[in-house]
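Each reported figure results from applying straightforward, stated rules to the coordinates on display, with no laboratory input. Nothing here was measured: the structure is a model prediction, and the numbers come from that model. Every residue, glycine as well, gets a Cβ built from its backbone with ideal geometry; the counts of neighbours run over all protein chains shown.
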Amino acid sequence: MTGLPSSQSSSIRERVLLLHCSAGSGRSWRFLTEALERAFPVLAVAAPDIEGYGERAGVDLAGPAGLAPLAAPLLRQIEEGSGRLHLVGHSFGGALALELASRLGGRLASLTLIEPVAFHLLRDGDFADRQLFREVSGLAARLHLALERDAPGEGMAAFVDYWNGRGSWAALDPAQQRQLAAQAPAVARDFRAIFAEAPAFARYRRIVAPCLVLHGELSPRPARRVAEIVARALPWAAGRRIHGAGHMLPLTHRAEVASAVVEQLRAFARAAPLPERALAAAS
């Protein structure tokens, strides 16, 4: 799905919005969309493409920096509908979901963040946090330098190996490498958006909807640390570790992610789910 779900139907009381990671698209949420639609048949589920990806790959990436400009079109579409909204975001989509959640007030029903890469929360931390921020800044610098040298594949090789382990880029077939290299400018835009943000803990503490923060046991330390910071900063947040998972857990540990999100919505959605819906297709 590329648009946000309509809530005009009287049978739909709440909506779910899934936001994907950098270099991804809404299609990556198909497993979770199917699981949620089986478990909650009266909820409307949408997985739009973030600007710069999927069907929105042709949009201008040279706009103002920061998360707010990227959140604005999503926020407008959310406000056009009625009812409450459940937000789920992974990686950059998690950072964007955090931005949206801070602006939705009582419209937000629940928030599920899967390793949100809100790295700006590390910038003004203690020495260890600042070291982690420099680690991620170095990755972004390699990507920017590669783009300046007209070698996007080199930048994306570093990006893919950082998040998936050394040798992951080399294991991809040439068609996958070309597809990812074409997304390098959008990924660089995502880094700029995050680094342009200032820590907004006061605003985040106003997110009073229940929040679940998932992270992988084997993920890079900066991502795990941000998940820890967010889980502590939000007043109604709980953290959960997925054993054996890395940063791309929605791809590698689909059953565990689907189960956690369904459990979160089952606890906090007003639209009653069918009590026992199998998640076999998500595994």
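Does the stretch 188-268 classify as rounded, prolate or oblate by the C-alpha gyration tensor (a ≥ b ≥ c root eigenvalues; a/c under 1.5 gives rounded; else a/b over b/c gives prolate, otherwise oblate)?
oblate
Could you work out how much longer the chain between Arg30 and Ser82 gets when fully extended? Use 0.36 nm per residue separation minus the Cα distance between them, nm to one decimal.
Once the chain is fully extended between Arg30 and Ser82, it gains 16.3 nm.
How big is the chain on each of its three principal axes, counting only the C-alpha atoms and giving the largest first in Å?
That works out to 54, 41, 38 Å along the principal axes.
In degrees, nearest 10, range 0 to 90: what is the angle between the Cα axis of helix 92-104 and the longest Cα principal axis of the chain?
Tilt relative to the chain: about 50 degrees.
Which residue, Phe159, Phe127, Phe268, has the most motion in a Gaussian network model of the chain that connects Cα atoms within less than 10 Å?
Of Phe159, Phe127, Phe268, the most mobile in the Gaussian network model is Phe127.
Which residue fluctuates the most in the chain, going by a Gaussian network model with Cα springs under 10 Å, if the choices are His144, His247, His86?
Answer for the Gaussian network model of the chain: His144.
Which value in nm describes the separation of the simple spin-label points at Gln179 and Ala198, placed 7 Å from the Cα toward the beta carbon?
For Gln179 paired with Ala198, the spin-label model returns 4.1 nm.
Comparing Val59, Val42, Val187, which has the greatest mean-square fluctuation in the GNM of the chain with Cα pairs linked when under 10 Å apart?
Of the options given, Val59 has the highest mean-square fluctuation.
Evaluate Rg over Rh across the stretch 81-212, taking Cα atoms for both radii and Kirkwood's formula for Rh.
Checking Rg against Rh, the ratio lands at 1.03.
In degrees between 0 and 90, to the nearest 10, how far off the longest principal axis of the chain does helix 254-268 point, with axes built from Cα atoms?
Between helix and principal axis, roughly 40 degrees.
To test your reading of the geometry: what angle, between 0 and 90 degrees and rounded to tens, separates the Cα axis of helix 127-148 from the longest principal axis of the chain?
Helix 127-148 sits roughly 70 degrees off the main axis of the chain.
Given only helices, namely DSSP H runs of n ≥ 4 each adding -39500 (n - 2.57), what is the per-residue ellipticity at 222 nm of the chain, to the nearest 500 deg cm²/dmol?
Only helices count here, giving -14500 deg cm²/dmol.
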